[in-house]
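Colleague: One structure, as structure tokens, below. Some questions next.
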Amino acid sequence: MSSFELQNPSTRELTGGDLLAQCLHHIGVRVAFGLHGGHIDAFLMGCESTGIKLVDTRHETVAVQAAEAYFNVTGTTGVCFGTPPSTYSNGLPGLATAFADRSSIFCITSSPPLRDGENNSLQGSIDQVVVAKPLTKFAHRIAHAEDIPRLVAHAMKISSCVQRTILADIYTPISWGSITSPLPYPPGPHTKAIENAFLLLKASERPVIIAGTGARSSEATQALLRFIETTQIPLFHSPKICFSLPTSSPLYASSAGKLALLHHMKSPAPDLVILLGARTGMYMGGRSGGIIPSPDSCKLIQIDTDGGEIGRTLPVNIGIVSDATEALLAFNAALLKQDYVAPNEWVKIATGLKNMPMPYTSDPEVVEGKLHPYHALTAVFKSIPEGSIIVTDGGECGAWASGAATISNPHAIISATGYLGFLGNGFGYSLGCAFADPSRLIVNIQGDGSAGFHFMELDTYARFQLKILTIVVNNHAWGMSSNGQELIYGTKNPARPISSLSPKTAYDVVAQGLGNNSVKVEQIADVLEAVTKLLAGDGPGCMNLIVSRHPTHPITESMVGMTEDKNVIVVPYYDNVSRPYYKT
């Protein structure tokens, strides 16, 4: 085994907590997010000795989400910690989100000694491993300190969650496992798969590439840029996340959601879609055919490191289990022997989608005395520096923001709600992004509904003096809920239960009390000056942006799926179903 050097060894007796911290430091961990608890003090002391920066949050879920965002930005596993059962239980939504979105995080918690099992001991009522199993790829309780290196290495290679217990000082031979071994190489594509993919490509007239989280690395970006420049295939990105893609390329065509405009333009849809590290499901229009056309008219090549994702929602013509970079390198190598260039007319149509105005761009700036949310956010994005990381939350706030965010030419756009549709994730995501890339401004877009979940994290931002600008898009309502009720019930039922929020809530005042520079904005003309003021100060800032609740985003309309067709049963936010009829 290669050498395992102790970092800043202490004169005190070292414990299992120290060994865990040393192992994490050895494999490259430099920051961890979490909340304090006496159960894990030995680990926290170990982190302090090794130089691992500890970032304490105000809520456990935020710590897990920060670890997930850290992974999304850096590509290295994010680490979080906490004690049982409150920290552990409160962190479960974060575990569930990371699992659903395939984010690599390493979660550390503790439990009472095994001798106290079923003894009504302090914080011993929950079997954490059993609870974690369905939410992780790996969950384990370490019962012997000497097993820490081996199991840490094993868990890191699975990129998952490990549960641990500090039971004793190290006094037996240590099981090193592969803690000093390099990570395995990513999977590469089968030769036959590349050959067959080219057969489909050469037969296509309207191909597109949709890149997702699997293509986030700089290596993948460079290989992708070479591939599209050679083939002239238009490039879209998954609405879930956009990271460092070659947006300056004339072949970049914006979010894959724009493909749905082709139907309204009466233009032909793609006849070949290459999903590159992008998953099917809600972010790809499900089975509606709006983004990925029906199998009758479109071929599908899906490239993913997880074979279980291939064909999960839609039938595929070619499935390739491979890392995105490795697949692109194979495609580029194949181009040396055979060429393909997408038809110029199709390239113009597809790439022209990024310049197509959305139906709400012509709406008035003021609606019933308050700002239109799209125009208000457009003014915000015009005011922030290029290269920022924009984190959007869910509901209508996130929809309006996603439609305007590219104006600022950001480094990344992250939809924080994920495949579980959680609200409030953006606070933790923004925290993780700020530590993953301190050089960039992080813009945290929240509705006033989601702001109520983790607004106390503005205290965390202030304590660490982070460059995070929180924008509370405040319409005094749960926007998607309120507008969804309006679409479904209209004049049939005047009730709009629990979809309203208080117009008296002063988020700017609360933010100031939490140590953030803050402003309240009610006019478009004031946005630029307000953003300039907030960014000029030290540390984080917060804008309470007052907007109208009445504009309904087209995404809400499509998700609600309201229709007057009596042969259809409306199932809000899911596919409608045909009304059954029975013969007597």
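The values are calculated or read from the model by the stated rules, or taken from the named source; none is laboratory data. What you see is a predicted model, and the numbers here were worked out from it, not measured in a lab. Cβ: placed from backbone, ideal geometry, glycine included. Neighbour counts: every protein chain shown. For the accessible areas, the whole protein counts, side chains as well, though only heavy atoms, and no ligand, DNA or RNA atoms are used. Shrake-Rupley method; radii C 1.70, N 1.55, O 1.52, S 1.80 Å.
Colleague: Which FRET efficiency value, to the nearest 0.05, do you get for His263 and Leu114 by plugging their Cβ-Cβ distance into 1/(1 + (r/R0)^6) with R0 = 60 Å?
Modeller: Working from the Cβ atoms, E equals 0.50.
Colleague: In the chain, once you exclude exposed GluC sites (Glu not before Pro) (DSSP loop, at most 12 other Cβ within 10 angstrom), what's the longest stretch remaining?
Modeller: 387-563
Colleague: Once fully extended, how much extra length lies between Lys157 and Leu420, figured as 0.36 nm per residue of separation less the alpha-carbon to alpha-carbon distance?
Modeller: Here the answer is 92.2 nm.
Colleague: Checking the a/c ratio against 1.5 first, then a/b against b/c, what shape does the Cα gyration tensor give for the range 399-490?
Modeller: prolate
Colleague: If you don't mind, another one. Say each of Ala536 and Val568 gets a label point 7 Å from the Cα, pointing the same way as Cα to Cβ; how far apart are those two points in nm?
Modeller: Going from the Ala536 label point to the Val568 one covers 5.3 nm.
Colleague: Going 7 Å from the Cα of His190 along its beta-carbon direction, which residues of the range 325-369 have the amide nitrogen within less than 18 Å of the resulting point?
Modeller: 326-328, 330-331
Colleague: Heavy atoms of the protein only, probe of 1.4 Å, neighbouring chains included. What is the accessible area of Ser402 in Å², nearest 10?
Modeller: Rounded to the nearest 10, the figure is 60 Å².
Colleague: May I pose another question? Quick one: pull the percent of accessible area on the range 191-355 belonging to carbon and sulfur, 1.4 Å probe, ligands and nucleic acids left out.
Modeller: The value for the range 191-355 is 51 percent carbon and sulfur by accessible area.
Colleague: Right, here's the next one. What is the percent carbon and sulfur in the accessible area of the range 16-167, measuring with a 1.4 Å probe over the protein chains and ignoring ligands?
Modeller: Roughly 53 percent, rounded to a whole number.
Colleague: Okay, moving on. Run through the range 296-362 and list the trypsin sites (Lys or Arg not before Pro) located in a DSSP loop whose Cβ has at most 15 other Cβ atoms within 10 Å.
Modeller: Taking the range 296-362 and a limit of 15 other Cβ atoms within 10 Å, the loop trypsin sites (Lys or Arg not before Pro) found are Arg312, Lys337.
Colleague: Efficiency by 1/(1 + (r/R0)^6): what FRET value for Gln222 and Ile126, r their Cβ-Cβ distance, R0 = 51 Å, to the nearest 0.05?
Modeller: The calculated FRET efficiency here is 0.65.
Colleague: Here is a follow-up. Stretch Thr11-Glu557 to full length: gain in nm at 0.36 nm per residue minus the Cα-Cα span?
Modeller: Extra length available between Thr11 and Glu557 comes to 190.1 nm.
Colleague: Can you list residues from other chains, or at least 5 along the same chain, whose modelled amide H is less than 5 Å from the amide H of Thr470?
Modeller: Asn444, Gly541, Cys542, Met543
Colleague: Same structure again: What number results when the radius of gyration of the chain, computed over Cα atoms, is divided by 2.2 N^0.38 Å?
Modeller: 1.02
Colleague: Per residue, how much accessible area does the range 191-355 show when a 1.4 Å probe rolls over the protein heavy atoms, in square angstrom?
Modeller: I get 41 Å² per residue for this part.
Colleague: Tell me, what is the percent relative contact order of the range 324-433, built from C-alpha pairs under 8 Å that lie six or more residues apart?
Modeller: Reported relative contact order: 20 percent.
Colleague: Right, another one. Restricting things to alpha carbons, tell me how big the range 366-558 is in terms of Rg and Dmax, in Å.
Modeller: 15.7, 53
Colleague: A further question follows. What is the range 191-355 by shape, rounded, prolate or oblate, if you read a ≥ b ≥ c off the alpha carbon gyration tensor as root eigenvalues and call it rounded for a/c under 1.5, prolate for a/b larger than b/c, and oblate otherwise?
Modeller: The shape class here is rounded.
Colleague: Quick check: from the Cα gyration tensor, does the range 16-167 come out rounded (a/c under 1.5), prolate or oblate?
Modeller: It comes out rounded by the Cα gyration axes.
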